[in-house]
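Report on one structure; see the data block that follows.
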Amino acid sequence: MEEPAVKIERYVSPQALLSEVEEKKSPSSKLRPHIFADYPGQHKASENLKIFVQAATMRGQPLDHVLLHGPPGLGKTTLANILANELSVPFYSTSGPAIERPGDLAGILASLEAGALLFIDEIHRLSIQVEEVLYGAMEDFSLSVIVGQGSSARTVSMEIAPFTLVGATTKISNLSKPFLNRFGIQERLEYYDVPSLIIILQRAARCLGLELEPSGAREIGQRSRGTPRIANRLLRRAADFAQVVSAPSINKQIAHRALTSLEIDEYGLDRLDRAILTVIGERYGGGPVGIETLAITLGEESATIEEVYEPFLVYQGFLSRGPRGRSLTDEGKLLLARQRGNSNDGGSA
Ligand code: ADP
């Protein structure tokens, strides 16, 4: 039997850490941009959405339902909030796991004002019963709910005010076809390039009252895995380092020191990423290895590896996914060999 590895806490997890959950819940947080003009990157999605918002406003009708998909931390919640602001409509936010029963959802939908935007995060985690209530609501703004039990059970139908549903998911493949078909607008968010992350970091530094030099912004941006949530987090940690050594600003040296102490390498990979690559390379001869085996070896949930860690390793070209499992690419093998070389040279990598 494989021995599970020690679970590693990550500074480069794209999921919100406990300290960031409040920010995640608060759409009005000052770190979150509130208008398209303050939302760099995601050009394709932003440009499309701007046009759809403009057209809906001109028609005086609610925006069609929107599905935003892509890895965590790329700005789906932020974009939903921007849509509500740009449409000048009220914003309500909930999540798939928070809506347990069809009645919970019916209650939310029945209380929405006309034109409101309802954001459901992790929409792939809605139960099928709840999802079915959503179908009628999305299609013709009607609700059919079963009230009572056994022989006294009956279906009650009612009309609700027109609204816009914005769903966010990291796992679009878990949504059924009929559900997907009900979203007239579907946009995939991509990892950010470094110039966009630098703009995001500079804005975040202004919001947090931090002095960030261009060289420091570049250093952090390059190691943030294309993910604004990680960039903002690494900025805070670099600010801690600057404070402790009484540096007047965060420059390249300070950022480099902070990120090296957190064991984040020049690609934004941390110990867990390297552990994934090392396990595939050294225990499984470069792969392919099945996701479940990998998860047991690493002591992680397979869903977490699949949704959170792997996408960036695949995006960076270190890992490939095939029908028989995960394999190292030539790039991945080279990286491992370089790391081995570094540790043989003295182990400072
Ligand atoms: P998701 O919903 O995709 O997990 P969030 O919208 O919660 O991601 O964004 C995570 C963090 O990154 C938030 O602090 C948010 O302010 C910031 N962020 C995301 N996208 C952008 C962007 N394009 N510009 C500035 N900040 C961003």
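The values are calculated or read from the model by the stated rules, or taken from the named source; none is laboratory data. The shown structure was predicted, so the numbers you read here are calculated from the model rather than taken from an experiment. Neighbour counts run over all protein chains shown; Cβ positions are idealised from the backbone, glycine included. Note: accessible area is taken over every heavy atom of the protein model, side chains too, but ligands, DNA and RNA are not part of it. Shrake-Rupley method; radii C 1.70, N 1.55, O 1.52, S 1.80 Å.
Under 5 Å from the amide H of His65 lie the amide H atoms of Leu165, Gly184, Ile185, each residue being 5 or more positions distant or on a separate chain, with H modelled from the backbone and absent for Pro and chain starts.
Estimated at 0.36 nm per residue, the fully extended path between Arg154 and Ala98 surpasses their Cα-Cα distance by 17.6 nm. Mind pulling the angle between the C-alpha long axis of helix 252-261 and the longest principal axis of the chain? Nearest 10 degrees, somewhere in 0 to 90. Approximately 90 degrees, to the nearest ten. Taking each of Lys171/Lys333; Lys76/Lys171; Lys44/Lys76; Lys44/Lys333; Lys252/Lys333 in turn, the alpha-carbon distance tops 22 angstrom for Lys171/Lys333; Lys44/Lys333; Lys252/Lys333. Take the Cα of Arg324, step 7 Å toward its Cβ, do the same at Arg283, and the gap between the two points is 1.9 nm. For the chain, what relative contact order do you get, as a whole percent, if you take Cα pairs closer than 8 Å and at least 6 residues apart? Computed value for the chain: 19 percent relative contact order. Annotation: per residue accessible area for the stretch 96-172 equals 47 Å², rounded to a whole number [probe 1.4 Å, protein chains only]. Which of the three applies to the chain, rounded, prolate or oblate, going by the alpha-carbon gyration tensor with a ≥ b ≥ c and a/c under 1.5 meaning rounded? Judged from the Cα gyration tensor, the chain comes out oblate (a/c at least 1.5, b/c at or above a/b).
Shape class for the stretch 271-344: prolate, because the ratio a/c of the largest to smallest gyration tensor axis (alpha-carbon atoms, square roots of eigenvalues) is 1.5 or more and a/b beats b/c.
Report, for the chain, the % of DSSP beta bridges that are antiparallel, rounded to 5. Roughly 40 percent of the beta bridges in the chain run antiparallel, per DSSP. Ignoring any ligand, DNA or RNA, what whole percent of the accessible area of the chain comes from carbon and sulfur when the probe is 1.4 angstrom? C and S fraction of accessible area: 51 percent. Can you give me the pair-distance distribution of the stretch 194-261, C-alpha pairs, 5 Å bins, whole percents? In whole percents, the pair-distance histogram is 4, 22, 36, 27, 10, 2.
Per-residue Karplus couplings for the stretch 263-268, computed as 6.51 cos²θ - 1.76 cosθ + 1.60 with θ equal to phi - 60°, are listed in order as 6, 9, 8, 5, 9, x Hz, Gly and Pro entered as x.
For the set Asp121, Asp38, solvent exposure ranked by accessible area (probe 1.4 Å, protein chains only) runs largest to smallest as Asp38, Asp121. Once both labels are positioned 7 Å from their Cα atoms along Cα-to-Cβ, the gap between Arg340 and Asn48 label points is 4.3 nm. Here Lys171 and Tyr267 are evaluated by their C-beta separation; at R0 = 25 Å the FRET efficiency comes out at 0.55. Apply 1/(1 + (r/R0)^6) to the Cβ-Cβ distance of Gln186 and Tyr315, taking R0 = 25 Å, and write down the FRET efficiency to the nearest 0.05. Given R0 = 25 Å and the Cβ-Cβ separation, E is 0.80. Taken per residue, the accessible surface of the stretch 194-261 reaches 45 Å², heavy atoms only and a 1.4 Å probe. Using a Gaussian network model of the chain whose springs link C-alpha atoms within less than 10 Å, name the residue from Gln42, Gln243, Gln15 with the highest mean-square fluctuation. Result: Gln243 has the largest fluctuation of those listed. Note on the chain: GNM, Cα springs under 10 Å; of Val245, Val279, Val133, the largest mean-square fluctuation is that of Val245. Dividing the helix sum by the residues of the chain, where each DSSP H run of 4 or more adds -39500 (n - 2.57), gives a mean residue ellipticity at 222 nm of -13000 deg cm²/dmol. Three semi-axes describe the equivalent ellipsoid of the stretch 288-327; taken as square roots of 5 times the Cα gyration tensor eigenvalues and ordered largest first, they are 15, 12, 7 Å. Result for the chain in a Gaussian network model with C-alpha springs under 10 Å: among His34, His124, His43, the largest mean-square fluctuation is at His43. Which of Gly75, Pro248, Ala106 sits farthest toward the positive end of the charge dipole of the chain, with +1 on the Cβ of Lys and Arg and -1 on the Cβ of Asp and Glu? Result: Pro248. A simple charge model with +1 on the Cβ of Lys and Arg, -1 on the Cβ of Asp and Glu and nothing else charged puts the dipole of the chain at about 480 debye relative to its Cα centre.
Across all directions of projection, what mean area in square nanometres is found for the Cα convex hull of the stretch 62-111? List each step's numbers first, then the result.
Values: hull surface 17.1 nm².
Averaged projected hull area, Cα only: 4.3 nm².
Would you work out if the stretch 96-198 is rounded, prolate or oblate? Take a ≥ b ≥ c from the square roots of the eigenvalues of the alpha-carbon gyration tensor; rounded if a/c is under 1.5, else prolate when a/b is larger than b/c, oblate otherwise. Prolate is the answer for the stretch 96-198, as a/c is 1.5 or above and a/b outweighs b/c.
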